[in-house]
Amino acid sequence: MTKFSNVIVRKPGRSLANGITSAPELGQPIYERAIEEHDDYIAALKQCGVKVTELPALEEYPDSCFVEDPAVITRMGAIITNPGAGTRNGEKTAIEPTIREFFDDEHIRYIEEPGTLEGGDVMMVGDHFYVGRSARTNEEGIRQFIEILEGWGLEGSEVTLEKVLHLKTGVNYLEDGNMLVSGEFIDKPDFADYNKVVVPEEEAYGANCIWVNGTVIVPERYPTVLAAVQKLGYPTLVVDTSEYRKVDGGLSCLSLRF
Ligand code: CIR
């Protein structure tokens, strides 16, 4: 049974306005609102019974509040990734000292060149990790990642992505066999054995919910997703992430949960 004790987050900087985006038509994130949403996010996490470590903003890395991408944390150890986005690659060095506060040398591994991998492409289901092969995560990165997992007695498998940025942009595991799926993931054979909750196209962003110790945090403004999650019996908390959506970020991207 999964239980999270710790969460790492990083405050957004003013440079978030220059984060990578596939949706410039949504406009740039407004810093003050992004901070408010971040505070609400932290409050929701604390309600789920985790200790939150909040790192200071890093203006030189506009996307660095999305701490999920430069590291993956498993029950056996941490993997510092090698982000495939050039402007984000240095985030791996920035996150490492914090990872070292929780893990010793024996329990830290690295994805190395020519391998690339971003944590948004990794979805944990117990001791199995699905890894999306995306524009950010390549074949060699996945090979290294699975080798590390197997060295720890865990396992992984590759999922090919066609449209979305990261695997968890479109599919998220809610524990208890329940999985939120949207778009290209609805019919993927990889997920055939789960209790799939199909997220309608117009609420696709809402597929990025997070399960934290029995509660599911759902983004605000996705009523169909919220109702479906509640129907599964989960207590829910709703957090507005609309400023982060403007730069393709969501609930899972904003934290490392372990
Ligand atoms: C990026 O393109 O890297 C950021 N603007 C958004 C990262 C979202 N992270 C995630 O899905 N894990």
Filter Lys11/Lys231; Lys11/Lys51; Lys11/Lys246 down to the pairs with a C-alpha to C-alpha distance above 21 Å, please. Lys11/Lys231
Which cross-chain or sequence-distant (5 or more) residues have an amide H under 5 Å from the amide H of Val159, H modelled 1.01 Å from N in plane? Val131, Gly132, Arg133
How much accessible surface area, in Å² rounded to 10, belongs to the heavy atoms of Glu147 with a 1.4 Å probe? 110
Under the Karplus curve 6.51 cos²θ - 1.76 cosθ + 1.60, θ = phi - 60°, whole-Hz ³J(HN,Hα) for segment 12-21, x wherever Gly or Pro sits: x, x, 5, 5, 3, 4, 9, x, 5, 9
Taking the reciprocal of mean 1/r across every pair of different Cα atoms in the chain, the Kirkwood radius in Å is 18.1
Got a sec to turn the phi values of segment 234-246 into Karplus ³J(HN,Hα) couplings, 6.51 cos²θ - 1.76 cosθ + 1.60 with θ = phi - 60°, whole Hz, x for Gly and Pro? 7, x, 10, 10, 10, 10, 7, 10, 4, 5, 6, 4, 4
How far is it, in nm, from the label point at Ala23 to the one at Asp104 when both lie 7 Å from their Cα along the line to the Cβ? 4.5
Could you list which residues have their amide H under 5 Å from that of Val212, counting only those 5 or more apart in sequence or on another chain, with H placed in the peptide plane? Ile217
Taking all protein chains as present, what is the carbon and sulfur share of the accessible area of segment 6-257, in % to the nearest whole number, probe 1.4 Å? 49
Mean accessible surface per residue for segment 6-257, computed with a 1.4 Å probe while every protein chain stays in place, in Å²: 42
Here D for segment 1-66, in µm²/s, from Stokes-Einstein with a Kirkwood Rh over Cα pairs at 10 °C and 1.306 mPa s, works out to 122
Per-residue HN-Hα couplings for segment 122-131, Karplus 6.51 cos²θ - 1.76 cosθ + 1.60 at θ = phi - 60°, whole Hz, x for Gly and Pro? 10, 10, 8, 10, x, 9, 10, 10, 7, 10
If you count, for each residue, the other Cβ atoms within 10 Å and average over each peptide, how do 46-54, 215-223 line up from highest to lowest? 215-223, 46-54
Put Asp127, Asp187 in order of accessible area, largest first, 1.4 Å probe: what do you get? Asp187, Asp127
Principal axis lengths of segment 77-226 from Cα atoms, whole Å, largest first? 43, 31, 29
Checking rank on 89-96, 8-15, with mean other Cβ inside 10 Å and highest first, the result is 8-15, 89-96
With every protein chain in place, what's the accessible area of Leu55 (1.4 Å probe, Å², nearest 10)? 20
The distance between the Cα centres of segment 1-45 and segment 84-100, in whole Å, is 17
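The values are calculated or read from the model by the stated rules, or taken from the named source; none is laboratory data. If you're wondering where the values come from, they're calculated on a predicted model, not measured in any experiment. Don't worry about glycine lacking a Cβ; one is built from the backbone with ideal geometry, like all the others, and counts go over all protein chains shown. Calculation scope for accessible area: heavy atoms of the full protein, side chains included, ligands and nucleic acids excluded. Shrake-Rupley method; radii C 1.70, N 1.55, O 1.52, S 1.80 Å.
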